[in-house]
Structures are given as structure tokens and as C-alpha cells.
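Below is one structure; the comments refer to it alone.
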């Protein structure tokens, strides 16, 4: 009998089989599905026949209507209330609304809620709610947590998922991982890709790695590092890579 990982690599997967494997929320199975282009495209084609799920607040909604809808578990309106609280400096209120939105399926609320948690396992669990739905920013943060804990295999999985969704931070991160493992050419390749996209830290790493500046130059780190994410979630994630059904 085939393992779930072997099944995920089958290019002839039906959309039903793809969805069943996706719902397992297993990192390695998820990665295999993500790399299975024929099955992935078939599933995306199916998603494109379904109603689009909106996560951002409705900018045209009246404030009183938004409050009423938020109290009736509308996750987009709950996102709006979280934003309003954050703008007013009410961090606790923002967290409460982000959590409510996340509990009702809003992956961007889940991401923002996770960012402000202190318990690492709880943070990871909430990031995964967004990461397994294809939010690149969350995938990068999951990779960072695994990296910090010394699990480079899972860090590579999640950074790779984020890279395939054009997350430039994750490109730099993969460069660091490969550099630390002595795979310098591969590291430079990732940093060059990130540099081409305007990521300044990758430029610093390239200058150090290629000898264009001295390693002891105080302007740069002597060793490349991965830093915690300071991410402003945008609407950059494409429908083709957010798997929501």
C-alpha cells in the first residue's frame, strides 16, 4: 500500500484525493503536493470554479455595520475591528479580534494573532493555520521557528514553500541554511535571487560571501544570519497558491 507521501507525488491525483491529502496537514505531504505540478494545477483549476474567499475587510462597509457583523462572527469584519483596535493603540483588543477572526477561518487574522504570542508552540500552531492554507508569510515564520530549534530539515520545507510563493525573506533564509551547511554555491544562488528582488540583507550576505567586502567590516555581519520576521502582510499572495477549500 502506498504511503501518503508516495500518493502526494502521483501526478494523476484526482482533486478529491488531492484535497484529502491536503487536509492531513502533514509538512512533508504538503511539500510533495506543492511540488506535484500536474496535480496542483488540476486542483487550482477546480478552485477557480469555486467562489473566491475574501480575507480582507470590506472597505466600503459602514462602521456600525462592521461592528454588528463582527459580533455575528463575520471574520472580515472581525479583521476590521482588530485593525481599528491596533490603530487606537489597543493591542489587547486587537489580539482578541484577531483570534476571533482566526477561529472563523481568516488566515491573515491567524498570522497576525500568532505574531504577538509568546508561547512558541501556540505561535507555531496558529502560524500553521495560515501556512497550510498557502500564506507565504506564515510559511516563512514556521521555517524560522524550526530553524531556531535546530530542525533544519523542516525549516527547508517551510522556507521552500514560502519561496515558491515569492517570499524574498525565505530566499535569503535558504541561502543562510545552505551556507551554514557548507553548500556555498547554492547559498550564493539563493542570495543572488533575493538580491535581484531588492532584498538588502541578501546584498550584505553576497558581499561577504564573495569577498567584495572584508568579513570583519563593521558594516556587515561576519556570518549570515536569519532574523525574526518583521512582516507587513499584503495582498501579494496569489489565488493559485492559497489552497483554501
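Each value in this text was obtained by applying a stated rule to the coordinates, not by laboratory testing. Small disclaimer: the values here were computed from a predicted structure and weren't measured. Cβ sites come from the backbone with ideal geometry, for glycine too, and all protein chains shown count toward neighbours.
The C-alpha radius of gyration of region 1-94, expressed as a fraction of 2.2 N^0.38 Å, stands at 1.57. Computed over the alpha-carbon pairs of region 48-140, the distance histogram in 5 Å steps reads 3, 16, 23, 24, 18, 10, 4, 1, 0 percent, short to long.
Packing, taken as the mean count of other beta carbons within 10 Å per residue, orders the peptides 74-81, 130-137 from highest to lowest as 130-137, 74-81.
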